[in-house]
Structure formats: C-alpha cells, structure tokens
Amino acid sequence: MPAFKHLGYPEEVLLRLEGLVPCRESQVSTLLLIFGERQHFSFPSLFIYGHTSSGKTYVMQTLLKILELPYTFVNCNEYFTSRLLLEEVLRQLQCLSSREEDPAPASCDTFNDFARLFKQGMMTPSLQDQTVYIVLDKAEQLREMEANILPGFLRLNELTDQNVTVILLSDIVWELLRPNTGCLEPMPLYFPDYSIGHLQKILSHDHPPEYSYDFYAAYINILLGVFYPVCRDLKELRHLAVLNFSKYCEPVIQGKATERDTRRLWKNIEPHLKKAMQTVYLREISSSQWEQLQEDGDSGQLKGLSAHAHVELPYYSKFLLIAAYLASYNPARTDKRFFLKHRGTIKKKKNQKKHEKTSNHLLGPKTFPLDRLLAILHSIIDYRVAPTANIFSQITSLVTLQLLTLVGHDDLLTGPRYKCNVSLDFIRSISRTVNFDIIKYLYDFL
Ligand SMILES: Nc1ncnc2c1ncn2[C@@H]1O[C@H](COP(=O)(O)OP(=O)(O)O)[C@@H](O)[C@H]1O
Ligand SMILES: [Mg+2]
C-alpha cells in the first residue's frame, strides 16, 4: 500500500519518493496536498520548523528534486545580506528558465527591483504553467536583513502576480521570526524530532552492500543504546556509526564470530563505543586521531584527555590557572625570556643546561608571589580578554577548589604566596580548551 497518493504524479515517482524519506511520510503527504497539481496555485508561503537534523533541508530538497518541480534553493546563512540573497534567487531562477549554464548576473539593490526582475524572469513559457518554489533555508537569518525582506517574500505571489510559493525552513518557531510590524502569516508545518525507532530505521538504511541489513541493524541498535541518551542528532549518529563499524566487524572478519553472534559482537563493541563517547563525541580528539589511536591498539592514552572533562572553569580563570602553573614550574629568572614582548631571540645556553639537569616537574611546584602571577597573566592574555572580572575573587575561587594553595599569607611584608596544584595533564587539557599552547612556555620542555 503506497504511502502517497496523488493524481498529479506517476505512481513510480511517488514510490521512489517514499523510499527516500523514511519516517517523514506524514509531512511529505501534507506537503503534497498543499502543493496540489503543478499548475494549481498553492499557498503564498510555508514555514517549516523543527530542531536541527529533523530532516527539513533533506526532505524539502528530495521532494522538489524527485517531483521535478521548478525551484530555487538558497541558504540564507551563505547569502547573508539581502543583496546577495536576492541576486542568488534571481540567478537560480534564470537558470531554471533559460537552461543556460551561466546567465548574466542581475544586479538587484532593493526588494522592489527584485520583484520586478523576478516577474520578468518568470515570463517564460516553461515557468508560466506551473508553481515555482522559492526555498529559503536558515530563514532566521532574514531577521538580520532589511525589515521589508521577510514580509516581501511572504507575499511575493501577490506582489508579482505570479504562481510562486515561498518556503521558509528554520530551527526556530515563527513567533520569534514574525516582524513586529505584522505581515502575511505563512502556513506553519512542524517537523518533530525523530524517535529512537525512527533513528534506528533511517540509520539501518545505510548498511554497506557487503553486509546484510539485519547485521547492520543489530549494530545500529547497539550504537543507539550507547549514544541515544546523549545525542539525538542524526548527522552525529551517522558519523559515529561509520566511524565504529569496522571495529564491530572485526570478530566476523577474524572468524571469531558469525554475523548472527549478536552477543559476542556486543561484548566486543560496547566498551569501545563507551570510550568513543568520552572522547570523539566531546570533540576532544578528531575522528582521524581516534582512528589512528584504534590502529595503534588503543592504550591508555585517551585517559589523559577526558579525565578532566568534568572541570568547568570560567574563561578568565583558566588563564589564571595557566599563569599559576607557569609561575610554579618555571624558574622566575626565565620569565623575561618567555614573557617579555620584544626580547629578540634568546637561546638556551648549552652549558647552562648541563648543570641544570633536574626537571622542575620532578621537583614539584614552587611558590610564587601574587605580583608575578599577575605579570604572567597579563603577558599571556593581553590581546585575548580584557580583565573585567574581579581577579582576586577568582584567585580565591581557585584556592577554594584546591587548584591553587595559599602558602604563608601571614607574612605581611611579602604578601601572599601561592602554589599551583594541578598536574601537567590537567593543565594541558585546560589550555587546549582556550587554544593556548602551554608546552611552548614551559622551561622544562624547551
Ligand atoms: N528521513 C530521512 N531519511 C534519511 N536521511 C535523513 C532523513 N532526515 C534527515 N536525514 C539526514 O540527516 C541529516 C540532517 O538532515 P537535515 O535535512 O540537514 O536537517 P535540518 O535541515 O532539519 O537541520 C542529513 O544528512 C540528511 O541526509
Ligand atoms: Mg537544514
């Protein structure tokens, strides 16, 4: 029993469409009803909304392509000014009507010009007897353009007296987009999030030809069991599925299990997926790094990266902690070399290195006075953040968190001294989050 029925299109086209948009049958049926037959006038404008990865872009493009409807498709983030956007719509319209590869670009400054040029562009026999669809993806960007652009698009068919339907795709609801001056209301259509069953069905479709559908579906089932509680984004899940599939197949390829040995395969893959969740999904390492690690026979290397993922510090405090670490592990006399702006090139003297074999990291953190901490801080951040927050209260917070220790504050003459308590691994993961290459500033690693 075919899901879509429509007199205007051949049955095999509708069947093909059905195969391409799993789990979006009801939305596509609604759209088919709204579109009607090719030559029918449709709604002036539609507003399709739903969370990211709910298939708005994909379904719309597939629908228009498979039914071979005349349409233009523009991403408003890509064409982010009204001029760029309007000219791009006109360019695509010209391609529709003239079938030329590269028509002469139209220049278009205002929405009035656009309406006039649009009407001209529609005046070809091939476009006259059918509805033309203008899709504006990421429509929330229209709010950043001139105030008349959005209302103009919403009543484009009236302004140009042409058979045209404008379709807005957006991640946000219409109430947040509606201009407060009022406008013609588009017809809303909601794309709900995919359920776990939907995701299972869509992802299982991607099975590689050399493996059976059931084998791949079982794998997706395990994958969703691990990742669905933290991630419902179809694009992410698809990426993770591709990334980890070879590991899943390993026992089958090595002959240790058959394709039907679900339990054994599950045992093999589950710890692996959990590890992937700790690192790849959090973007602590890229997927290519992850693959590299898998090839190297994953040792404990990943631990250092994710062990500190739970510590969240304010941006500025991270730099404070980095400065404290540098102050604790670099000898004070080397500060000039690391932190002076125009120091020229100073090289570490060879003979100096000889009698300085002992690593500062082996000796442990040294105490430092507050003014040295502040001096280092300002030299590493001056062009990055303005010191707006109250710096002393942030230092106190770091002490409370036991990332710093206050030593000997009873000495009124010298003021408080501090010591940094965190490990190298820790400070490296903190530095990575603020794009600071701490190794370059550590004397021990010179
Ligand atoms: N029903 C579906 N069947 C197959 N793939 C889908 C489906 N819905 C979404 N996708 C895929 O998921 C990804 C995200 O979809 P997309 O249309 O970009 O979402 P949105 O535009 O709502 O943010 C795309 O790569 C798309 O191919
Ligand atoms: Mg989209």
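For the chain, what does -39500 (n - 2.57) per DSSP helix run (n ≥ 4), summed and divided by total residues, give at 222 nm, in deg cm²/dmol to the nearest 500? Walk me through the intermediate numbers first.
Details: 21 runs with 214 residues, N = 446.
So the calculated ellipticity at 222 nm is -14000 deg cm²/dmol.
Taking the centroid of alpha carbons for each part, the range 1-32 and the range 204-238 are 25 Å apart.
Relative to the compact-globule estimate of 2.2 N^0.38 Å, the Cα radius of gyration of the range 133-221 comes out at 1.63. Label separation (residue 391 vs residue 446): 2.4 nm, computed from points 7 Å beyond Cα along the C-beta direction.
In this structure, the amide hydrogen of residue 232, modeled 1.01 Å from its nitrogen in the peptide plane, lies closer than 5 angstrom to no residue at least 5 positions away or on a different chain. Within the P(r) computed for the chain, what percentage of the Cα pairs occupies the region above 28 Å? Beyond 28 Å sits 67 percent of the P(r) for the chain. Relative to its residue count, the range 11-190 spans a Cα convex hull of 115 Å³ per residue.
Peptides 54-64, 38-48, 228-238 ranked from most to least packed, by the mean per-residue count of other Cβ atoms within 10 Å: 54-64, 38-48, 228-238. Taking amide H atoms as placed 1.01 Å from N in the peptide plane, the amide H of residue 168 lies under 5 Å from those of 46, 47, 48, 136, each 5 or more residues away in sequence or on another chain.
The stretch between residue 201 and residue 185, if pulled fully straight at 0.36 nm per residue, gains 2.3 nm over its current Cα-Cα span. The calculated P(r) of the range 7-53, using every Cα pair and 5 Å bins from 0, goes 5, 16, 24, 26, 18, 9, 2 in percent.
Computed from the coordinates by the stated procedures, all read-outs in this text should not be read as laboratory data. Everything quoted here is computed from the prediction, not taken from an experiment. Cβ coordinates were reconstructed from backbone atoms using ideal geometry, including for glycine residues, and neighbour counts include every protein chain displayed.
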